[in-house]
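The values are calculated or read from the model by the stated rules, or taken from the named source; none is laboratory data. Note that the structure is a prediction, hence the values are computed from the model and not measured. Glycine gets a Cβ as well: all are built from the backbone with ideal geometry, and neighbour counts include every protein chain shown.
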Amino acid sequence: MKFLLVLVSLIAVTAVRVRGDRYHPAPSARPASSVSSAPSVEADTQYWMHKAQAALNERLERPATVHKARNVVMFLGDGMSVPTLAAARALLGQRLGATGEETQMSFEAFPTVGLTKTYCVDYQIADSACTATAYLTGIKANYGTLGVNAGVKRDDCAASTDNAKRVESIADWALADGKDVGIVTTTRITHASPAGVYAKTANREWEADADVKAAGFGTDSCPDIAHQLIHKHPGNKFKVILGGGRRSFLPNTVVDDEGSMGIRTDGRNLIQEWREDKSSRNVSAEYVWNREQFKQLDNDLPEYLLGLFESSHMQYHMLSNKETEPTLAELTETAIRMLSRNEKGFFLFVEGGRIDHAHHDNQAQLALDETIEFHTAVQRAGDLLTDDTLVVVTADHAHVMAYNGYSPRGHDILGTSVIYAEYAWDDKPYMTLSYTNGPGFRPHVNGGRPDVTAEEDYGTPTWMSPVDVPLSYETHGGDDVAVFARGPHHTLFTGLYEQNELPHLMAYAACIGPGRHACADAAATTTPPAPPTAQPSAAAPVITTFALMHLLTLVVVITR
């Protein structure tokens, strides 16, 4: 009886607090907290008709791009999930004074969009190493491994020394074709995503020799990632290397220019060794570690450039020292200017790597700002690149940030979701952006959630969004990720496909690497067909009715 009374009470409460469709609540009035209203013109039917027709016309008028891609630029937003894209575009628009939802980031205007699956061979939800191997070498691999196939498990140093298990990246293919190669990142240059361009290792964490030794292996058989970049093919051929991560290149007895110690235990200074290598080859080369040095090169760019701007990762854009830290857009521009000097073209990899890090710490504002900086870099590249450049923008994996609630148009994307008293069971606000797990968990107080908007650091860049499950760091998500493409053969990138198909598609357009090429296909379609054989097919008549009538007519004409 007591149970029935409780049940009836709950039903009664539900009836009082939920009006109409409980899954799609209808607010009684527009909340006063809405920060912006949609333009009045959007209430006109013809506005949306004209807008859609204009977009249709633009699609139909796009010229076909079937010629060879001389250059390929791959932009990788690390952890840039689809909800991240949607929230970042809203924040971008709101910063510009608009409602935000209708805003379009630079690469979202690309003519072709697709989706890729991101799983590893052995893991349902991927990391940045197995995904880098997939989208840069065309081979799916195991979690935590780089530049090797799935025959190598994480930490299996011996297996990684087997050449049959090592795989080439699109950078190898570009160099073999005479093109130049460059890498740009906001993370350590030895971190998983950029390392996927050049490294072959059983563990993404073996960035310096000390890491390999700590795992119980020797660097003779399993050289660290920093060493591979400086001394092994293809890394030692790269014209441009820009990012963070000085510590993996310096001995642990050396203090760098910003007061941080190196971490190498072999006593080697790989920055100096890079300089010596370029000097022995009689080529111009410069090493820089701050923005002032970097910008001084603008009018006299060297043949080779190494820039390591932090001991570890580069600073978040919102928190960086603008005098010492170059932006991702600036790094990208310099890389393109340097690589464009090669008449045969180039391959450039650009990573906005700290989107991922901010998500791991549940710092949504930083993650969205890093995405906007990524958009700015793509935009800057678009101003510099020629029509014979294929540009591909994608992510390696997703994150578990949710974009949720029933907020009205233009509501602050970084604020609380607008909810109404009849739907707020605990009468506490919740955020439009939140996470399913991570360090931002708040213990419940008196059986309910705390009011996070009352926290002292609420609204600051480093404030952590609330989460459901407490973890030391937020996890990746298993969602598919978006792919945007423009330039020669961009239509190849539509649909839903495996992540490891990406380098094969890029190589096809650029006519490099193994497998089928656009150039060969173009040659095949322009070659005249072979003449027919002397003997007709047994399945076909020797002479057609049309041919017989034509012959009779000719005979009549001649006899006249």
Worksheet item: Considering only residues of region 391-447 that are at pLDDT 95 or above, among the β-branched types (Val, Ile, Thr) and in a loop (DSSP other than H, G, I, E, B), which is farthest from the chain's Cα centre (by Cα)?
Response: THR432
Worksheet item: Among the residues of region 173-187, which ones are surrounded by fewer than 22 Cβ atoms within 10 Å (Cβ to Cβ) and in a helix (DSSP H, G or I)?
Response: LEU175, ALA176
Worksheet item: So which pairs qualify, if the first residue must be in region 139-155 and farther than 19 Å from PRO223 by Cα and touching a residue at least 60 places away in the same chain (Cβ under 8 Å), the second must be aromatic (Phe, Trp, Tyr) and part of a loop (DSSP other than H, G, I, E, B), the Cβ gap must be under 9 Å, and the two must be at least 6 apart or on different chains?
Response: LYS140/TYR119
Fill in: Positions within region 464-481 being surrounded by fewer than 21 Cβ atoms within 10 Å (Cβ to Cβ) and under 19 Å from the mean Cα position of the chain (by Cα), in sequence order
THR475, GLY478, ASP479, ASP480
Practice prompt. Determine if region 244-267 includes at least one residue that is acidic (Asp, Glu), surrounded by fewer than 23 Cβ atoms within 10 Å (Cβ to Cβ) and within 30 Å of the chain's Cα centre (by Cα).
Written response: yes
Fill in: Subset of region 149-172 that is more than 21 Å from the chain's Cα centre (by Cα) and surrounded by 24 or more Cβ atoms within 10 Å (Cβ to Cβ) - its residue that is farthest from VAL240 (Cα to Cα)
VAL152
Worksheet item: Could we say that ALA29 is over 17 Å from THR371 (Cβ atoms) and either at pLDDT 85 or above or assigned to a loop (DSSP other than H, G, I, E, B) (or both) here?
Response: yes
Item to complete: Please verify whether region 281-289 includes one or more residues that are assigned to a helix (DSSP H, G or I) and touching a residue at least 40 places away in the same chain (Cβ under 8 Å).
Response: no
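Filtering region 221-255 down to residues that are aliphatic (A, V, I, L, M) and outside any loop (DSSP other than H, G, I, E, B), which residue is farthest from VAL167 (Cα to Cα)?
VAL255
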Practice prompt. Could you check PHE374 against (1) part of a loop (DSSP other than H, G, I, E, B); (2) in contact with a strand residue (DSSP E or B) (Cβ under 6 Å, 6 or more places away or on another chain); (3) not small (Gly, Ala, Ser) and say which number it fails?
Written response: (1)
Discussion item. Within region 292-311, does at least one residue satisfy the condition of being small (Gly, Ala, Ser), assigned to a loop (DSSP other than H, G, I, E, B) and surrounded by fewer than 16 Cβ atoms within 10 Å (Cβ to Cβ)?
Written reply: no
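Is it fair to say GLU258 is of a type in the set (Asp, Glu), under 28 Å from THR327 (Cα atoms), free of Cβ contacts under 8 Å to residues at least 60 places away in the same chain and part of a loop (DSSP other than H, G, I, E, B)?
On the way: of a type in the set (Asp, Glu): yes; under 28 Å from THR327 (Cα atoms): yes; free of Cβ contacts under 8 Å to residues at least 60 places away in the same chain: yes; part of a loop (DSSP other than H, G, I, E, B): yes.
Taking the combined requirement at face value, the residue satisfies it.
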Fill in: Boolean, PRO461 is in a loop (DSSP other than H, G, I, E, B), closer than 30 Å to GLU333 by Cα and either under 17 Å from the mean Cα position of the chain (by Cα) or at pLDDT 95 or above (or both)
yes
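Could you please give the count of residues in region 104-131 that are closer than 30 Å to PRO39 by Cα and buried (at least 18 other Cβ atoms within 10 Å of the Cβ)?
Residues that pass the stated criteria total 5.
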Fill in: First in region 97-115 and more than 16 Å from ALA55 (Cβ to Cβ), second anywhere and in a loop (DSSP other than H, G, I, E, B), Cβ under 6 Å, 6 or more apart
THR99/SER36; THR99/ALA38; THR99/ARG409; THR99/GLY410; GLY114/THR494; LEU115/ASP480
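Here's the yes/no breakdown for (1) among the β-branched types (Val, Ile, Thr); (2) surrounded by 19 or more Cβ atoms within 10 Å (Cβ to Cβ); (3) in contact (Cβ under 8 Å) with a residue 12 or more places away in the chain:
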residue: PHE374; (1), (2), (3): no, yes, yes
residue: ARG380; (1), (2), (3): no, yes, yes
residue: LEU384; (1), (2), (3): no, no, yes
residue: VAL400; (1), (2), (3): yes, yes, yes
residue: ASN404; (1), (2), (3): no, no, yes
Discussion item. If GLN315 satisfies all but one of (1) within 25 Å of GLU205 (Cα to Cα); (2) more than 25 Å from the chain's Cα centre (by Cα); (3) without any contact (Cβ under 8 Å) to a residue 24 or more places away in the chain, what's the number of the condition it fails?
Written reply: (2)
Practice prompt. Might you let me know whether region 73-92 holds any residue that is more than 13 Å from the chain's Cα centre (by Cα) and either under 17 Å from LEU502 (Cα atoms) or assigned to a loop (DSSP other than H, G, I, E, B) (or both)?
Written response: no
Fill in: Pairs where the first residue, in region 39-60, is loosely packed, with under 11 Cβ neighbours inside 10 Å and the second is among the hydroxyl-bearing types (Ser, Thr, Tyr), C-beta under 6 Å, 6+ apart
VAL41/TYR47
Item to complete: Would you mind stating whether THR416 is surrounded by fewer than 16 Cβ atoms within 10 Å (Cβ to Cβ), β-branched (Val, Ile, Thr) and touching a residue at least 12 places away in the same chain (Cβ under 8 Å)?
Response: no
